[in-house]
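Below: one structure, written as structure tokens.
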Amino acid sequence: MGNISYTAQLLAARRAVETLKSSSPVRDEFAHLFTAPEVLSRAEESKNEVHVVLMRHVLIEKYFEEKIPQVEQVVMLGAGFDTKYQRYKRCQEIKFIEVDSPEMINYKIEILNKNSLPVPQFVKKRITKKADWEMVLKQCDLNLPTLFVGEGFFMYQTFDFIRDTLKSVVKEFKKDVYWAYDLLEPRIKKTQIHQESIEKLSEKGEIFRSYLTPDESKLIAEMTGYQIDIWDTQRMHHEFFGEAYHGEIHLFVNLLERLNQ
Ligand SMILES: C[S@@+](CC[C@H](N)C(=O)[O-])C[C@H]1O[C@@H](n2cnc3c(N)ncnc32)[C@H](O)[C@@H]1O
């Protein structure tokens, strides 16, 4: 599993563990297919705390359910072991593209085939620069209303890449576009994340680059032509548990829309 993303496996493991709890809003019956025993035990260790990545997942899933009847194309950036395509029949009726590194996608296809699960369209590419993004755009139908999802993706990209990507979508897509993606807040010290998992992260790119404040993120979205709704950790925690968040890891989810019709 040399080039298989550790964070993607850990996220699948957290979803697999949550799915077993009847009280949890996380329902991913295929997550367990993509995780390994040692990663699963790491996810189980923290089963009593509500991890921010699970709040992020639930919020993005809710947004996805709301938007999926309105769009005819979905682009999943850094799709990892996300299983929306397999879980929602509507996804199989529209254009659905997953982007991730060739190693990740090949491994995912192997598991999907082994379990007779449907396989979406893929772009096998680690995207880091403008030319890579243009390759993704070539696979898209620019005339379809589209939802982009980047769950745990843009923190691996530079500030310029985030801005240029959002901008290019406004320029190129003719119909409504929606985005759901999250970013890390600067108050998470780099060492906090790195101490936790750096030894496990693959050499290739699983290093976080973008730490933005919600205000900076709002500015980028508005400058590039979107309406934005920001969910920081406090807001998510209040929504799901009715109380303040006292954990140390802070990220925020951005929900964007640009209406063209
Ligand atoms: C934190 S995981 C999130 C996976 C999935 N979205 C989820 O929520 O379970 C990050 C994923 O993004 C992929 N990734 C990271 N940087 C990337 C890049 N530059 N281009 C394409 N995929 C990338 C990794 O391979 C990994 O699958």
ask   = For Ser41, are the conditions met, namely being among the polar types (S, T, N, Q) and farther than 30 Å from Glu257 by Cβ?
value = yes
task = Any chance you could count how many residues in segment 145-157 are modelled with pLDDT of 95 or more and outside any loop (DSSP other than H, G, I, E, B)?
result = 5
remark   = Scanning segment 95-111 residue by residue, those more than 14 Å from the ligand (Cβ to nearest atom) and either in contact with a Gly (Cβ under 6 Å, 6 or more places away or on another chain) or touching a residue at least 40 places away in the same chain (Cβ under 8 Å) (or both) turn out to be Lys95
note = The residue from Lys84, Lys95, Lys21, Lys62 that alone is under 24 Å from Lys114 (Cα atoms) and out of contact with any Cys (no Cβ under 7 Å at 6 or more places or on another chain) is Lys95
inquiry  = Take the residues in segment 46-83 that are touching a residue at least 40 places away in the same chain (Cβ under 8 Å) and charged (D, E, K, R); name whichever of them is nearest to the ligand (Cβ to nearest atom).
reply    = Asp82
ask   = Scanning segment 1-32 for residues that are more than 12 Å from the ligand (Cβ to nearest atom) and basic (Lys, Arg), which turns out nearest to Ala43 (Cα to Cα)?
value = Lys21
message = Given the criteria touching a helix residue (DSSP H, G or I) at 6+ places or on another chain (Cβ under 8 Å) and in a loop (DSSP other than H, G, I, E, B), does Leu142 qualify?
response = yes
Count of residues meeting criterion [within 10 Å of the ligand (Cβ to nearest atom) and free of Cβ contacts under 8 Å to residues at least 24 places away in the same chain] in segment 114-144 = 1
query = Do we have Val99 as outside any strand (DSSP E or B), within 23 Å of Asp28 (Cβ to Cβ) and out of contact with any Phe, Trp or Tyr (no Cβ under 6 Å at 6 or more places or on another chain) here?
reply = no
task = Kindly indicate whether Ala180 is of a type in the set (A, V, I, L, M) and modelled with pLDDT under 95.
result = no
message = I'd like the full set of residues that are touching a residue at least 60 places away in the same chain (Cβ under 8 Å) and part of a strand (DSSP E or B), limited to segment 219-261.
response = Trp231, Leu251, Phe252, Val253, Asn254, Leu255, Leu256, Glu257, Arg258
ask   = Taking the stated definitions as given, is Tyr6 among the aromatic types (Phe, Trp, Tyr), surrounded by fewer than 21 Cβ atoms within 10 Å (Cβ to Cβ) and farther than 23 Å from Asn143 by Cα?
value = yes
task = Would you point out which residue out of Lys175, Lys124 is closer than 18 Å to Tyr85 by Cα and either surrounded by 19 or more Cβ atoms within 10 Å (Cβ to Cβ) or touching an Asp or Glu at 6+ places or on another chain (Cβ under 9 Å) (or both)?
result = Lys124
message = Given the criteria farther than 24 Å from Arg235 by Cα, at pLDDT 95 or above and in contact with a helix residue (DSSP H, G or I) (Cβ under 9 Å, 6 or more places away or on another chain), does Ala31 qualify?
response = yes
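Per-residue answers, yes or no, for (1) at pLDDT below 95; (2) touching a helix residue (DSSP H, G or I) at 6+ places or on another chain (Cβ under 9 Å):
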site: Val39; (1), (2): yes, yes
site: Val50; (1), (2): yes, yes
site: Ile60; (1), (2): no, no
site: Ile68; (1), (2): no, yes
site: Ala79; (1), (2): no, yes
site: Asp100; (1), (2): no, yes
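The values are calculated or read from the model by the stated rules, or taken from the named source; none is laboratory data. Fair warning: this is a prediction, and the values are worked out from it, not measured in the lab. Using ideal geometry, Cβ is built from the backbone for each residue, glycine included, and neighbour counts are taken over all protein chains shown.
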